[in-house]
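Working notes for the structure below.
Please treat every number below as a calculation from the coordinates, not as lab data. Computed from a predicted model, the values in this text were never measured in an experiment. Cβ atoms come from the backbone with ideal geometry, glycine included; neighbour counts cover every protein chain shown.
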Amino acid sequence: MSDKSHDPNQMTGAAMIVRALIDHGVTDIFGYPGGAVLPIYDEIFQQSEVQHILVRHEQGAGHAAEGYARSTGKPGVALVTSGPGATNMVTPLTDALMDSIPLVCISGQVPTHLIGNDAFQECDTVGITRPCTKHNWLVRDVNDLAKVLHEAFYVATTGRPGPVLVDVPKDVQFATGTYHPPRKSDVHRSYAPRVKGDATQIRKAVSLLAGAKRPVIYSGGGVINSGPEATKLLRELVEVTGFPITSTLMGLGAYPASGKNWLGMLGMHGTYEANMTMHDCDVMLCVGARFDDRITGRVDAFSPGSKKIHIDIDPSSINKNIRVDVPIIGDCANILGDILQVFKAEAKKPDIKSWWQQIAQWRARNSLYYKKSNDVILPQHAIQSLFQATRGKDTYITTEVGQHQMWAAQFFGFEEPHRWMTSGGLGTMGYGLPAAVGVQVAHPNSLVIDIAGDASVQMTMQEMSTAVQYELPIKIFILNNQYMGMVRQWQQLLHGNRLSHSYSEALPDFVKLAEAYGAVGLQVTKPADLDGAITEMIAVKRPVLFDCRVAALENCFPMIPSGKAHNEMLLPEQANDEATAKAFAGGKALV
Amino acid sequence: MNQPASAYFIEERHDPNETHTLAVLVQNEPGVLARVIGLFSGRGYNIESLTVSETEAQKHLSRITIVTTGTPMVIAQIKHQLDRMIPVYQVVDMTQTKRSIERELAMVKVRGQGEHRVEALRLADAFRARVIDATTESFVFEITGNTDKINQFIDLMRPLGLVEVSRTGVAAIGRGPEGM
C-alpha cells in the first residue's frame, strides 16, 4: 500500500485524463462543465499546461475543436458532460466524421452503477455516437483508462482521420488506478491502416499518366489531411507532368489558386473549365477525394471516356460511387512520392498542348462572371474585396453553409493548405463561427475570418461570447441577404418559386448584437463604402460582427442542375428564367 | 426517368443482386455486435442471417457470420466498411472463395397424431433429423444442414402439424486445411 501511494503513476481517472492530454501534446481544449465531469474540471483547475476554452454550447466546443484541428493538423479536443452535453456533440462528431477531421471528445457519464437506470443526465452516449465516430469507448475500469485514451488519440489521427469519443463514468474519474504513458500495445491489433501503395498499381498509374492526352488531377481533403509532404508532392507532380488540376471544396489550398495549372474548384458550383476538363479527360488522377455526389453530378454520365486512378487511404472509398480502373490504397504522400519517383525515372512530360488550348476556350467562358453594381453590394464582389484586402496577410477562413460558402470557395484564393475551414460533407450551418474560435485559439496572431450568412451565423451566435471572453479577435463577415440563400435558390429552381420559410422576417440588428456581446459591430450597405469598412474590420483587434448588406436575390452560379452531367452546367449568363426552367425541366415535372 | 425535384442525383442501379456469406473475425468487446448491425442498418444493407459467438476465448475473438444480399458493388462496400471497423480483424467472403461449407441448425416442433405422426417421423429420418423431445402428441426435431435443406424440411412439416421453428442462422467455414 505505502509503495503504491508514492508511485507517480497512481492517480485518479480524472488526473489520468489531464495527464494523457499533456502526454499527447494537447495545449488547448474546448469544453463545458457539468455534473458528470466535475472531477476532470477540478483537475484542470489545478494545472496550467492545458488551457481550457469555455464555450457557450457543446456544439460550439466540437466545431471549435474541428477548426483547431483543421488549421493545425493536430487533433482537436472537446470535453463535455453526460446527457445533453454528449447529445449536443453529435453534430460536430458527425461533421468531423464526414470531413475526416481528427477529434477526441471526452464525455462524462453517470456513475457505473447507475448506467441503464435513466439517471439524471444519463444517455446512452456510446450508443448514440457509435455511427458518428470512427470509434468510441465506454471505460468501466479506471485501470483501462490510460490505454483507451492513448488508443483514442492514435485512432483519431492515423489512417483516415476522424472523431473518437471516450465516455468516462464519474466513479471511474474518482477511482484511483495506474497510468502509463502511450505505448504501441495500447492499440487494437485489428487496427492497422495501410500506408504504402502497391507497387504494381503505382506502375499502372504512371503508365496511364505518361500516355495521357487529356489528363486531369482531381485532389481532395485527403491531401491536406496527409500533411505538408503530400501538398509538396502534389505540387511537384503538377509541375513535373504539366497537368491541369482541380480540387474539391475540402481540398482547396493544396495547390495554390494562383498556380498556372489551377482550374478552380469542381462540382456542383465549380468552374465550367474544371467540370468540362473532368468530363472530357482521358486520364483522371483522383488523390484523396471520394467522388462525392456534389462532385460527380449524374453518376452514369460522369467523365465517361476516362481511365480513373484513385488514391485513398480508406479502401471503402474505392468504387463506392464511381468505378475506377486503378485503385491505390495508402497514404497520399507515400503514394505521390512513389508515383513521382517512377514517373521521373521512366516517363517524360506528355505533350498536352492541344488539351490546354481546349481548356483555355472553356476558361474564356468566364463562368464566375457576375454583374457588379454601384447601388448594391454583390456578394461575390464582397468576397473579392475581402480577398484583396487580406492578400499577403496571415489569414484563415472559415465558413458557414450555403451560398456564401460557395462564393467564398469560388472567389477567395487559397495559396496554402489548412487555411480554409468549411463543413463539406455534413453541410453544418453554424460551423463557421465556433470553428473560427478554434482557429484563433490555435493561431492567436493571425487574421481569422468567418465568411458567414445571416441565417447560418445565428445557429451558433452564442460563441461570440466565448470570443469576447478569451479576447479572440475573430471577424464574422456576414453576407446578409435576409434569406437562407441556398434554400431559396433551390426553391426558385425546383419548387416553383414558392419561398417556403426561407426568408428571415426578423433579423437582429447585428451591430447592436455585437455591442451587446462586447464585440465590435460594423455595417456596410453601399459598394463605395465596402473597402473602407473591410480595412476597418481588419484593423480592429477585437471580435467583429460585420453586417455586409448584399443583393438579396443574387444566386450562385455556375451550377450543375440536379440529374445533369458535368458538361450540362448552367452558366451565369444563361441563368435567365427561360433557360433555368429548361435546365430543370426534369425536376419541374414532378414539382 | 424524370428526376424528382431534389438536390441529390437519384439514380437507379440495375445490377442484379447476389447473396454472399461473410465471415467476420472480431475482437469480442462490448458493443462490437451493435457496431456491425448498426453499419448494416445505417447504410441500408440487408441481413438475411446473422450468427455470432466467441470462438477463441483466450484471445477474445468472436466470429460473426452474415448472409447478405446486394449488387456486386454493394457487397464490395459491405466488406470494406466492415473491414475498416477498429475491432474487426478480418472479413472473408465465403461465397467468393467457392470453398466454403455452410450449415444451419434448426429445432422444429411438430404436433399431431396417427398417420401425421408417423409421416413426420419418417421424413425426419430421411432428412437425418433427430428427435430431441417427444410427447404422445408431439416431437421436437433437430436438423442440421444448409439453408435450403432446412427450408425444405420445414415446408414438409407444415401440413403435418408444424408448431414452431427455432433456427441458429448460418455458420460457415472453408474447406481444406487452411484457416481464414
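In plain terms, the bigger the Kirkwood radius, the slower the diffusion; for segment B:1-160, with that radius from Cα pairs, at 20 °C and 1.002 mPa s, Stokes-Einstein puts D at 114 µm²/s. Annotation: average projected area of chain A is 28.3 square nanometres, based on the convex hull of Cα atoms across all directions. Each Lys and Arg contributes +1 and each Asp and Glu -1, all at the Cβ; summed about the Cα centre of the protein assembly as shown, the dipole is approximately 1940 debye. Taking Cα atoms only, the orientation of helix A:332-346 departs from the longest principal axis of chain A by about 50 degrees. If you sort the three axes of the alpha carbon gyration tensor as a ≥ b ≥ c, you get a/c of 1.5 or more for segment A:401-448 and a/b no higher than b/c, which makes it oblate. Largest first, the three principal axis extents of the alpha carbons in segment B:72-176 are 56, 26, 23 Å in whole numbers.
In chain A, Cα pairs under 8 Å separated by at least six residues give a relative contact order of 14 percent.
Divided by 2.2 N^0.38 Å, where N counts the residues, the Cα radius of gyration of segment A:1-149 comes to 1.03. Inter-part distance, segment B:29-87 to segment A:137-213, computed on C-alpha centroids, equals 20 Å. Counting Cβ atoms of other protein chains within 10 Å of each Cβ in B:80-89 and taking the mean gives 6.
Considering only B:Ile37, B:Gly114, B:Pro87, the residue lying farthest towards the positive end of the dipole of segment B:1-115 is B:Pro87, judged by Cα position with unit charges set on Cβ.
Each Lys or Arg adds one and each Asp or Glu subtracts one; over the other residues with Cβ under 14 Å from the Cβ of A:Gly402, this totals -2.
Sorting A:Ser317, A:Ser385 by the number of Cβ atoms found within 10 Å of their own Cβ, with the fewest placed first, yields A:Ser385, A:Ser317. Name the shape class, rounded, prolate or oblate, that the alpha-carbon gyration tensor gives for segment A:337-468, where a ≥ b ≥ c are the square roots of its eigenvalues, rounded holds for a/c under 1.5, and otherwise prolate holds if a/b is larger than b/c and oblate otherwise. Cα axes put segment A:337-468 in the oblate bin. Counting only Cα atoms, segment A:350-407 measures 43, 31, 24 Å along its principal axes, largest extent leading. Shielding by partners for peptide A:259-272, expressed as the average number of C-beta atoms from other protein chains within 10 Å of each residue's C-beta, is 0. Per residue, the convex hull spanned by the Cα atoms of segment A:154-303 amounts to 180 cubic angstrom. Each of A:Val324, A:Met284, A:Ala389 was scored by the projection of its Cα onto the charge dipole of segment A:271-399, and the greatest displacement toward the positive side belongs to A:Ala389; charges sit on the C-beta of Lys, Arg, Asp and Glu. With neighbour counts taken as other beta-carbon atoms within 10 Å, the residues A:His57, A:His269 rank, fewest first, as A:His57, A:His269. Relative to its residue count, segment A:232-376 spans a Cα convex hull of 129 Å³ per residue. Give the residue from A:Pro111, A:Leu234, A:Leu209 lying farthest towards the positive end of the charge dipole for segment A:93-245; charges sit on Cβ (+1 for Lys and Arg, -1 for Asp and Glu) and the dipole is referred to the Cα centre. Most positive-ward Cα: A:Leu209.
Give me the net charge for the shell around A:Gly35: Cβ to Cβ below 11 angstrom, other residues only, Lys and Arg +1, Asp and Glu -1.
That sum, taken over residues with Cβ under 11 Å, equals 0.
Over the protein assembly as shown, dividing the summed -39,500 (n - 2.57) contributions of all DSSP H runs of at least 4 residues by the number of residues returns a 222 nm mean residue ellipticity of -10500 deg cm²/dmol. Sorting A:Met429, A:Met98, A:Met16 by the number of Cβ atoms found within 10 Å of their own Cβ, with the fewest placed first, yields A:Met98, A:Met429, A:Met16.
If you count, for each residue, the other Cβ atoms within 10 Å and average over each peptide, how do A:354-361, A:405-412 line up from highest to lowest?
A:405-412, A:354-361
Would segment A:208-279 count as rounded, prolate or oblate if I go by the C-alpha gyration tensor, calling it rounded below 1.5 in a/c and otherwise prolate when a/b exceeds b/c, oblate otherwise? In terms of gyration-tensor shape, oblate.
Cα centroids of segment A:247-272 and segment A:1-63: 41 Å apart. For the segment B:26-37, counting C-beta atoms of other chains within 10 Å of every residue's C-beta and taking the mean gives 2. What is the Cα centroid distance between segment A:509-575 and segment A:277-354, reported in whole angstrom? Taking the Cα centre of segment A:277-354 as reference, the centre of segment A:509-575 is 35 Å away. Put simply, segment B:130-180 fits an ellipsoid with semi-axes of 29, 13, 8 Å; these come from the alpha carbon gyration tensor as the roots of five times its eigenvalues, largest first. Each Lys or Arg adds one and each Asp or Glu takes one away; over the other residues whose Cβ falls under 13 Å from the Cβ of A:Thr277, this sums to +1. Between A:Thr176 and A:Arg542, the contour length at 0.36 nm per residue exceeds the alpha carbon distance by 127.4 nm. Among the trypsin sites (Lys or Arg not before Pro) within segment B:97-180, those in coil by DSSP and having at most 15 neighbouring Cβ atoms inside 10 Å are B:Lys98, B:Arg99, B:Arg128, B:Arg175. Computed over segment A:305-408, the Cα gyration tensor eigenvalues convert (square root of 5λ each) into semi-axes of 37, 21, 17 Å, ordered from largest to smallest. Compared with the dominant principal axis of the Cα atoms in chain A, helix A:353-363 is inclined by about 80°.
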